[in-house]
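Here is the structure we will look at, set down as structure tokens.
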Amino acid sequence: MGTTAREEMSRFWEKNSRSNRPLSPHVTIYKWSLPMAMSITHRGTGIALSLGVSLFSLGALLLPEHFPHYLAQVRALSLGPALIFLVKFSLAVPFSYHTWNGIRHLV
């Protein structure tokens, strides 16, 4: 008859404690380096960009009006130039970083 997951787990830990094997090192014991931070940031920007494009595409498919209608609504808010610059900058930086870091990785 098969064993349960709890029995398998306890048998595994008993075997490891009897053999005095070291546990795998956890990520907190590693010293942070620039390549590690760049790799993590590259993955984060890739995930954020893919989610943003997916949400924008889903909105374009499901919202009842066309894009010019929503653009006119944003213009009607009369947002200041500083806020518009901040939004554009917030969109451009992850895209630029992800692109240039990907090229760096390929080279």
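Pick from Thr28, Thr41, Thr45: which is part of a helix (DSSP H, G or I) and surrounded by fewer than 10 Cβ atoms within 10 Å (Cβ to Cβ)?
On the way: Thr41 fails: surrounded by fewer than 10 Cβ atoms within 10 Å (Cβ to Cβ); Thr45 fails: surrounded by fewer than 10 Cβ atoms within 10 Å (Cβ to Cβ).
Exactly one residue qualifies, and that residue is Thr28.
Within the range 4-13, restricting attention to residues that are open to solvent by less than 100 Å² (accessible area, probe 1.4 Å) and of a type outside the set (Phe, Trp, Tyr), the residue that is nearest to the chain's Cα centre (by Cα) is Ala5.
If we keep just the residues of the range 15-25 that are at negative phi and either open to solvent by 100 Å² or more (accessible area, probe 1.4 Å) or touching a helix residue (DSSP H, G or I) at 6+ places or on another chain (Cβ under 6 Å) (or both), which is modelled with the highest pLDDT? Checked the range 15-25; the qualifying residue modelled with the highest pLDDT is Arg18. Taken over the range 75-96, residues that are small (Gly, Ala, Ser) and surrounded by 10 or more Cβ atoms within 10 Å (Cβ to Cβ) amount to 2. Filter the range 97-107 for residues that are open to solvent by less than 100 Å² (accessible area, probe 1.4 Å) and free of Cβ contacts under 8 Å to residues at least 24 places away in the same chain; which is nearest to Gly44 (Cα to Cα)? Out of the qualifying residues, it is Thr99. The set of residues from the range 48-84 being of a type in the set (S, T, N, Q) and part of a helix (DSSP H, G or I) comprises Ser50, Ser54, Ser57, Gln73.
The numbered conditions (1) open to solvent by less than 100 Å² (accessible area, probe 1.4 Å); (2) free of Cβ contacts under 8 Å to residues at least 24 places away in the same chain are all true for Pro64 except (1).
Do we have Lys15 as in a loop (DSSP other than H, G, I, E, B) and either of a type in the set (Lys, Arg) or closer than 18 Å to Val93 by Cα (or both) here? Reasoning before the result, please.
Details: in a loop (DSSP other than H, G, I, E, B): no; either of a type in the set (Lys, Arg) or closer than 18 Å to Val93 by Cα (or both): yes.
Here the answer is no, as Lys15 does not meet what is asked.
The values are calculated or read from the model by the stated rules, or taken from the named source; none is laboratory data. The structure presented is a predicted model; accordingly, all values stated were derived computationally and were not measured. Neighbour counts are summed over all protein chains in view; Cβ atoms, including those assigned to glycine, are modelled from backbone coordinates with ideal geometry. Each accessible area value is taken on the protein alone, full model and side chains, heavy atoms only, with ligands, DNA and RNA left out. Shrake-Rupley method; radii C 1.70, N 1.55, O 1.52, S 1.80 Å.
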